[in-house]
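Working notes, beginning with the structure itself.
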Amino acid sequence: MPSRHIRFDWAIKRLLRNKANYVVLEGFLSELLHTDITIKTLLERVSNQQTESDKSNRVDLIAETGNSEIILVEVQNNSQLDYFHRMLYGVSQLVTEYLEQGEEYGKIRKVYSVNIVYFNLGKGDDYIYRLHPEFIGINHGDTLKPSPAQERKFNIKKVADIFPEYYLLKVKNFKGVATNSLEEWIYFLKNSEIKEDFGAKGMVEAKETLRVNNLSDTERAAYNRYMDNKSYEASILSTQEFEAQWQIEQIEQAEIRGRQEGRQEGRQEGIQQNTIAIARSCKQQGLDVETIMAITQLSREDIEAL
């Protein structure tokens, strides 16, 4: 039986904020960004909750690198319809928070946004997506480059070096075995298992640091409670998704019957009633409003009024 390792989101909350464990984060980020990352310090956010009663499905961590770049690492477990918007909001906050009032815009720091999600965000089959902005000419198709003066003053090679970069890791899309060092990290993020032959940067340290057996009795008890909560949440969500899908199929069947019978008015009323029933059932089960909106296409106001 393979040695059990700690889930990455719990490790971010409890273990990887320790400076002695920076090497684990540095390894992961170095493999993802394809450049050696050195973490100078971690920047704390008020939004990070550290209590056992925390029910948030979001965990984040902000690192400052040796060359003053900022990396936001965020783990999201449950579905959120406007997650893309929140990625943009989070980066926008960082850009402004770390520019002193009155400072020139040239002091704005490079920001990397690393988002690890465990739900089906958007439509796509890959497990790693990157948003790296470039200015492309509409007429000639050329890439806009910085002037020599800009290169020297801001220490950049491309205009894109100034702008935030986004990395989206859709962990559940990863299939099979790891065939390279980055995939070793993705495999761990999905399975919470580090195989003995894994040799990616930071993996040797992670292999020991993140073993469940290396936790203290208090930490292990807290971790087990956390995992129990995650199992319960996953079970509830799976049940809700199944019930929602079943009721959607009932709606579709009712719509077909309505078309066949030519009862346009009755069909629309029946669909609306079924949709409301789905929303009410999901709400009673504790599903969040964003997910109910995605399932039923009802407005936030309609759902909150149920």
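The values are calculated or read from the model by the stated rules, or taken from the named source; none is laboratory data. Worth saying up front: this structure is predicted, and the values here are computed from it rather than measured. We place every Cβ from the backbone using ideal geometry, glycine too, and count neighbours over all the protein chains shown.
Does Gly90 fit the bill of being within 28 Å of Gly27 (Cα to Cα) and free of Cβ contacts under 8 Å to residues at least 40 places away in the same chain? Full working, then the answer.
Values: within 28 Å of Gly27 (Cα to Cα): yes; free of Cβ contacts under 8 Å to residues at least 40 places away in the same chain: yes.
Taking the combined requirement at face value, the residue satisfies it.
Suppose we filter Thr239, Thr209, Thr218 for residues that are more than 30 Å from Ser30 (Cβ to Cβ), hydroxyl-bearing (Ser, Thr, Tyr) and in contact (Cβ under 8 Å) with a residue 12 or more places away in the chain; which single one remains?
After applying the criteria, what remains is Thr239.
If you take the residues in the stretch 116-164 that are among the acidic types (Asp, Glu) and more than 30 Å from Asn180 (Cβ to Cβ), which one is surrounded by the fewest Cβ atoms within 10 Å (Cβ to Cβ)?
Result: Asp142.
Answer yes or no: is there a residue in the stretch 263-271 that is modelled with pLDDT of 80 or more, surrounded by fewer than 12 Cβ atoms within 10 Å (Cβ to Cβ) and among the charged types (D, E, K, R).
No, the stretch 263-271 contains no residue that is modelled with pLDDT of 80 or more, surrounded by fewer than 12 Cβ atoms within 10 Å (Cβ to Cβ) and among the charged types (D, E, K, R).
Hey, among Glu208, Glu241, Glu249, which residue is among the acidic types (Asp, Glu), in a helix (DSSP H, G or I), at pLDDT 75 or above and outside the structural domain of Glu184 (by TED's automatic domain parsing)? Talk me through it step by step, then tell me what you get.
Working: Glu208 fails: outside the structural domain of Glu184 (by TED's automatic domain parsing); Glu241 fails: at pLDDT 75 or above.
After ruling out the rest, the residue left standing is Glu249.
Go through the stretch 13-35 and give me each residue that's assigned to a helix (DSSP H, G or I), within 15 Å of Glu74 (Cβ to Cβ) and at pLDDT below 85. Please lay out each step first, then the result.
First pass over the stretch 13-35, keeping only residues assigned to a helix (DSSP H, G or I): 13-14, 19-33.
Within this subset, residues satisfying the condition of being within 15 Å of Glu74 (Cβ to Cβ) are 13, 25, 28-29, 32.
Hit for the stretch 13-35 is Lys13, nothing else.
Of the residues that make up the stretch 102-112, is at least one part of a strand (DSSP E or B), surrounded by 17 or more Cβ atoms within 10 Å (Cβ to Cβ) and at pLDDT 90 or above?
yes
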